[in-house]
Amino acid sequence: MDSMQDLIPFAKEVLSQKPSRGLLKVYLVGSVFAVLGTLISLVEAMCHPFSCGEPMDSEMVFMLAKEQRTVEVKKRSDAVDEEEKLTHEKDAVTQSTIIYKTHKLNQRSIANRLHAS
């Protein structure tokens, strides 16, 4: 049954053969299911752009959870690395300040000695 045009001659042929009531019921139920399936698919196609998404199966949920965990671990490790970097920079600044002060004190003491002698 390619189109509705083929359906009408088929119905006439079935009726001309004088089918039993049971056979007519089977054809009627099948036709109703075919029409309902067509209508449901049309409604689904029209409403699909408005739906919020497809239902997720268990494997997708598991993969998403695993990916979220890895992202969280990366964020934590990045935060720890950033904190270590800041600590290292503070230590470097402190060390350079200490070296600068020490060097300045050494220069003063040398200058004092040279001047005093």
From the set of residues in segment 45-57 that are at pLDDT below 80 and part of a helix (DSSP H, G or I), which is most open to solvent (accessible area, probe 1.4 Å)?
F50
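Listed here are the residues, each with its yes/no results for (1) open to solvent by 100 Å² or more (accessible area, probe 1.4 Å); (2) at pLDDT below 85; (3) among the small types (G, A, S).
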residue: L15; (1), (2), (3): yes, yes, no
residue: V43; (1), (2), (3): no, no, no
residue: V71; (1), (2), (3): no, no, no
residue: D91; (1), (2), (3): no, yes, no
residue: T102; (1), (2), (3): no, yes, no
Pairing a residue in segment 19-35 that is without any contact (Cβ under 8 Å) to a residue 40 or more places away in the chain with any residue that is of a type outside the set (V, I, T) and open to solvent by 100 Å² or more (accessible area, probe 1.4 Å), where Cβ atoms lie under 9 Å and the two sit 6 or more apart in sequence or on different chains, gives L24/L15; A34/M1
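The values are calculated or read from the model by the stated rules, or taken from the named source; none is laboratory data. As the structure is a prediction and not an experimental result, all values here were calculated from the model. Every residue, glycine among them, receives a Cβ derived from its backbone with ideal geometry; neighbour counts consider all protein chains shown. Heads up: the accessible areas ignore ligands, DNA and RNA and are worked out on the full protein's heavy atoms, side chains in. Shrake-Rupley method; radii C 1.70, N 1.55, O 1.52, S 1.80 Å.
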